[in-house]
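S.K.: Here it is: the structure, laid out below.
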Amino acid sequence: MNLKNTKMSENKFFWNGDTLDYFSELAIRKTNSEVKKAIEEFVKLDCDLEEGETEEMLINDLVKQVFNK
């Protein structure tokens with residue numbers, strides 16, 4: 001299941017609210033490095049890259065949105 005929706009602008013993505021909520025809740029119980037590792041695994045296993053996107057772009061954006069929510 002791809003929970004990433006649409007690209008908003010350069011290196012900025014719109015993530016499904018459930019995805020943000022899940023990782024935000026995880027951040028309450030886990031260390032930052034554990035959350036980042038979970039996000040990396042999520043992107044690698046559950047996200048489909050579109051033209052011009054890299055896993056690193058998605059990971060960095062999701063980490064930023066989770067920790068700045």
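S.K.: Report, by residue number, each residue of segment 18-68 that is loosely packed, with under 12 Cβ neighbours inside 10 Å, in contact with an Asp or Glu (Cβ under 9 Å, 6 or more places away or on another chain) and not in a helix (DSSP H, G or I).
M.R.: None - no residue of segment 18-68 is loosely packed, with under 12 Cβ neighbours inside 10 Å, in contact with an Asp or Glu (Cβ under 9 Å, 6 or more places away or on another chain) and not in a helix (DSSP H, G or I), so the list stays empty.
S.K.: If the Cβ limit is 7 Å and pairs must be 6+ apart or interchain, which residue in segment 10-35 that is on the phi > 0 side of the Ramachandran plot pairs with which residue that is surrounded by 15 or more Cβ atoms within 10 Å (Cβ to Cβ) and part of a helix (DSSP H, G or I)?
M.R.: Pairs found: Asn11/Met57; Asn11/Asp61.
S.K.: Restricting the search to segment 58-69, which residues are over 9 Å from the mean Cα position of the chain (by Cα) and in contact (Cβ under 8 Å) with a residue 40 or more places away in the chain?
M.R.: Within segment 58-69, Phe67, Lys69 qualify.
S.K.: Every residue in segment 6-33 that is modelled with pLDDT under 95 and basic (Lys, Arg), please.
M.R.: Result: Lys7, Lys12.
The values are calculated or read from the model by the stated rules, or taken from the named source; none is laboratory data. None of the values given here were measured: they were computed from a predicted structure. Using ideal geometry, Cβ is built from the backbone for each residue, glycine included, and neighbour counts are taken over all protein chains shown.
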